[in-house]
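Each remark here refers to the structure printed beneath this line.
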Amino acid sequence: MKERVWAMCFAFIISFGIGMLTGEAAERKQDRYVGLHDRLLPIEDVRVIDNNTKVPLADIAKYLYLPLSEEDGAMHIRKRGFDISYDYKTKQTTKNGVEQKGAPITEVDGKLYISVIYIAKEVGFKIEYFPKLKTLRIYRDDYPHMSHTDYEKQIQALLNKKPAIKANVYLTFDDGPNQYTTLNTATLEKNNVQGTFFFVGKHMKNNEKIVKATAAGGHYIGSHSMTHDKDNIYKSTKSFMTEMNEGIQLIQTMTGQDSKLLRVPYGSKPHVTPAMRVELNKRSYKMWDWDVDSNDWKYTDKQTDAILKNVQVGVEKAYKSGDRDIIILMHDRSQSAKALPAIIEWLQAQGYTIKKYEPDHHVMQNFHKDSKL
């Protein structure tokens, strides 16, 4: 009877306390937070997945001292006599060989996310939810901690100091993959943000490891054609679609991801004809141009301040015009890789949220203003 009551309590917390919407399969973070005892954990990637608040398994494992190990195609958490595992092939979570209900561990873009409530319960923690702050607090009675009232006041004061979110910004990188792709992804990961990369097919064939590493890092990969040869690509609708289709297929083959996003070389206007747009729509492709051009290709490694200035001016201009989803054009080049840390620092300091392309929340941005793309 006690177990049933306990299960009902957790169901109530999940359904109402966390305030999740039915049908959200893998929603990006929405200012949700996770606390441990008297702290607010610095986990930025808090998501609603399958009607449950989940965080990257690798992140929460650090704070709860959970030993992780990969064996025989599965990720294992072994602690206090139990073995919780996630099978990459079957997508099932088991505890000591028994399948767990509700998919407590989920894989999104190659990264594992785990239910905060599930893992807290399994390792002996309690949970208190603060609806107004959208914060889950994990705590134990045998560990000294402040009252929930004082904790709520402390977190409220902390969140009041956070800069207001102004708009979403998408950092996009053309012309890879190459050695600078690796530098750019390293910088993004260091800052706990993700980007969108538009790869050229002929470069993908020579850099498959970089392609796979980029996908494994959770970044979104779109096609930038197979050859980047303007004369050949735009020669006819047939040649255009051949370049686009082959590029998308190569991404699928190398990463297993069903990408539908394109950035055509040199921008869509005036090169992409109405007939080409019709064919793109038939394939359910989406086409991204940009709001802000960093013009990074014009500069040298010693002129990164000019790249940063272009981004600052362009982003602020777009924001003042009412744009709340701002797409920045950059390239996988040396000077861009050197400018990127300062660009990220400035964007975050100004209150912008850096995101990668999200197929389920497509932002229309093409120079033709074609709503179908």
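Things worth noting here:
- Reported label for calculated Kirkwood radius over Cα pairs in Å given [x] 21.6; [y] 22.6; [z] 20.6: [y]
- Along the chain, the exposed loop sites are trypsin sites (Lys or Arg not before Pro) outside DSSP states H, G, I, E and B with at most 10 other Cβ atoms within 10 Å, and the longest stretch free of them is 162-368.
- Couplings 3J(HN,Hα) for the range 335-349, derived from phi with the Karplus relation 6.51 cos²θ - 1.76 cosθ + 1.60 (θ = phi - 60°), are 5, 5, 4, 6, 7, 4, x, 5, 5, 4, 4, 5, 4, 5, 5 Hz, where x marks Gly and Pro.
- When all alpha carbon pairs of the range 168-361 are counted in 5 Å bins from zero, the resulting P(r) reads 1, 8, 17, 20, 20, 17, 11, 5, 1, 0 %.
- If you take the Cα centroid of the range 232-282 and the Cα centroid of the range 176-220, the two points sit 20 Å apart.
- Shape category assigned to the range 307-373 from the gyration tensor of Cα positions, a/c cut at 1.5: prolate
- The alpha carbon centroids of the range 103-117 and the range 305-361 are separated by 29 Å.
- Extended-chain gain in nm, criterion 0.36 nm per residue less alpha-carbon gap, residue 89 and residue 230: 46.6 nm
- Once exposed loop chymotrypsin sites (Phe, Trp or Tyr not before Pro) are cut out (DSSP; at most 15 other Cβ, 10 Å), longest piece of the chain: 89-265
- Contact order normalised by residue count of the range 168-361, Cα under 8 Å, 6+ apart, percent: 30
- DSSP beta bridges confined to the chain are antiparallel in about 55 percent of cases.
- Each residue of the range 170-185 was assigned a 3J(HN,Hα) from its phi angle through the Karplus expression (A = 6.51, B = -1.76, C = 1.60, θ = phi - 60°), giving 10, 7, 10, 10, 9, 6, x, x, 7, 4, 7, 4, 4, 5, 5, 5 Hz with x at Gly and Pro.
None of the figures in this text is laboratory data; all of them are computed from the coordinates on show. The model shown is predicted, which means the values in this text are computed figures rather than measured ones. In this analysis, Cβ positions are derived from the backbone assuming ideal geometry, glycine residues included, and neighbour counts consider all displayed protein chains.
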